[in-house]
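Everything on this sheet refers to the single structure shown next.
The values are calculated or read from the model by the stated rules, or taken from the named source; none is laboratory data. Just so you know, these numbers come straight off a predicted model, no measurement behind them. Please note: Cβ atoms are built from the backbone with ideal geometry, for glycine as well, and neighbour counts cover all protein chains shown. Quick note on the areas: whole protein, heavy atoms, side chains included, nothing else; ligands and nucleic acids left out. Shrake-Rupley method; radii C 1.70, N 1.55, O 1.52, S 1.80 Å.
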Amino acid sequence: MSRITLFHLERPDIKITIEVYFDDGMLIFEGYDIGKSVEGVWGDSNYEYGYNIKPEEVQKLYNTFNLEKNNQALMLSEIKNRFNDNRAYSMFGEFLRENGINYKSNIWS
């Protein structure tokens, strides 16, 4: 299972990591923010968030991106090219909604 890092930031007050990968055909998009800055906003020093996209919905992404079907490496690369900054989670979620791609959202703090 190859993970692609979309965004990473590490400072004394915060560490942010956003990654995307496949697990049994499901596309997993996840991020976590850790540190004092996170605690100031959420009341806990750890904030995790992500999307799970089922394999049948991933097929829609291949069509939307106009990519070769079932080429997971190419899919991960395309996602990294499009969603590679601190706003990746919000931007990717908006993209999924705009393109009618169903997903499950997960948020923990």
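Could you list, in sequence order, all residues of the stretch 22-73 that are over 25 Å from HIS8 (Cβ atoms) and of a type in the set (Gly, Ala, Ser)?
Hit for the stretch 22-73 is GLY25, nothing else.
Scan ILE4, ILE53, ILE16 and give me the residue that is touching a Phe, Trp or Tyr at 6+ places or on another chain (Cβ under 7 Å), modelled with pLDDT of 90 or more and open to solvent by 20 Å² or more (accessible area, probe 1.4 Å).
Going through ILE4, ILE53, ILE16 in turn, just one is touching a Phe, Trp or Tyr at 6+ places or on another chain (Cβ under 7 Å), modelled with pLDDT of 90 or more and open to solvent by 20 Å² or more (accessible area, probe 1.4 Å): ILE4.
Can you name the condition, by its number, that PHE95 falls short on among (1) exposed (fewer than 12 other Cβ atoms within 10 Å of the Cβ); (2) closer than 15 Å to ILE18 by Cβ?
Tallying (1) exposed (fewer than 12 other Cβ atoms within 10 Å of the Cβ); (2) closer than 15 Å to ILE18 by Cβ, PHE95 fails exactly one: (1).
Considering only the stretch 25-50, how many residues are modelled with pLDDT under 95, open to solvent by 40 Å² or more (accessible area, probe 1.4 Å) and touching a helix residue (DSSP H, G or I) at 6+ places or on another chain (Cβ under 8 Å)?
The number of residues fulfilling the criteria is 3.
Among the residues of the stretch 98-109, how many are in contact with a helix residue (DSSP H, G or I) (Cβ under 9 Å, 6 or more places away or on another chain) and open to solvent by 20 Å² or more (accessible area, probe 1.4 Å)?
6
Would you pick out the residues in the stretch 60-85 that are open to solvent by 60 Å² or more (accessible area, probe 1.4 Å) and either within 11 Å of the chain's Cα centre (by Cα) or without any contact (Cβ under 8 Å) to a residue 40 or more places away in the chain (or both)?
ASN63, ASN66, GLU68, LYS69, ASN70, LEU74, LYS80, ASN81, ARG82, ASN84
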